[in-house]
Amino acid sequence: MRTVLVIGIGAGDPEQITIQAISALNRVDVVLVLDKGRDSHQLVDLRAEVCRRYLRERPYRIIEVPDPRRPHKSNGYALSDYEAAVRQWHGLRAEALEHVLLTEVDEDGCAAFLVIGDPSLYDSTIRVVQSILDRGNVVFDWEVIAGITSLQALTARHRIPLNEVGEPVVITTGRRFEADPRTPAGTVVVMLDEGLACRAVSEPDVQIYWGANLGTPQEQLRAGPLTEVIDEIVEARARLRAETGWVLDTYLLRRG
Ligand SMILES: C[S@@+](CC[C@H](N)C(=O)[O-])C[C@H]1O[C@@H](n2cnc3c(N)ncnc32)[C@H](O)[C@@H]1O
């Protein structure tokens with residue numbers, strides 16, 4: 001029977017990979033990469049670099065599968081329409097990947113998806129693999145191997161704990177935070193935020209810990225009272241995009 005491995009490879013630094021992930025990589029015949037276009041090509045390169053460094057025990061192939069166009073929030077979807085459009089997009093991805101599994105992976109072969117960070121955090125690979133199985137056209141065993149998330153990379157680089165003692169942590173998206181930019185007790189982590197929604201926060205006691213392209217040579221870190229450092233973050237973000245062509249950033253907000 002075919003095997004599919006969903007392997008977390010860390011958020012940007014090829015050294016941020018677990019020994020379990022390296023062992024899993026060395027079972028792989030075919031690495032499947034959804035090619036999302038030029039902007040994120042450095043992430044495709046990160047996967048290639050991880051394979052080059054660690055996948056040493058057997059020959060393997062990397063297959064880039066063109067990613068069906070994803071619906072974009074800026075196209076003015078209401079939230080419920082947007083969620084339906086994302087579900088439909090996952091269906092198209094499942095169809096494309098099912099075809100590759102059937103045509104490119106032997107019946108007893110092993111395929112892997114290398115996921116940035118950890119597969120459980122704001123990533124659709126687990127859902128897509130489950131929908132390939134649900135379609136019933138290809139049968140396989142599958143395993144998920146945990147990775148270091150961008151959130152863990154952020155807290156490590158700033159040398160801070162994720163939570164305050166006994167306090168909750170909310171992890172949210174830029175889209176949701178933009179709709180309700182409150183900073184409740186505890187910690188708020190914002191991911192997938194293309195427009196720095198935290199600019200709407202005006203309370204002077206909110207601290208921000210921001211990190212962009214974490215784990216890469218171009219990594220940027222800023223921290224301090226949000227209202228005082230936000231302009232610097234906006235500028236650093238724009239400069240990073242101009243220099244590298246891509247920005248992935250995550251930030252953490254808390255009071256005091
Ligand atoms: C689709 S989610 C993937 C999250 C990933 N599975 C994880 O465990 O971190 C993409 C978001 O993760 C965050 N992210 C991923 N890699 C990052 C990096 N190297 N530096 C900063 N943030 C990153 C950003 O918030 C980005 O918008």
Rg over Rh, two decimals, the chain (C-alpha only, Kirkwood Rh) | 0.99
C-alpha center-to-center spacing [the stretch 84-105, the stretch 151-185] in angstrom = 32
Residues Glu83 and Thr103, FRET efficiency given R0 of 35 Å [Cβ-Cβ distance, rounded to 0.05] | 0.65
Working from Cα positions, state the angle (0 to 90°, nearest 10) between the long axis of helix 226-244 and the longest principal axis of the chain.
-> 40
Amide H to amide H under 5 Å from Leu248: which residues, 5+ apart in sequence or cross-chain, H placed 1.01 Å off N in plane?
-> Asn213
Have a look at the DSSP beta bridges in the chain and tell me what percent are antiparallel, nearest 5.
-> 40
What residue among Pro161, Phe113, Gly174 has its Cα farthest toward the positive end of the dipole of the stretch 112-186, where the charges are +1 on Lys, Arg and -1 on Asp, Glu, each on the Cβ?
-> Gly174
For helix 79-104, report the angle its Cα long axis makes with the longest principal axis of the Cα atoms of the chain; keep it between 0 and 90° and round to the nearest 10°.
-> 30
Against the longest alpha carbon principal axis of the chain, how many degrees, from 0 to 90 and to the nearest 10, is the axis of helix 125-135 turned?
-> 40
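Every number in this text was worked out from the coordinates using simple rules, so none of it is lab data. Just so you know, these numbers come straight off a predicted model, no measurement behind them. We place every Cβ from the backbone using ideal geometry, glycine too, and count neighbours over all the protein chains shown.
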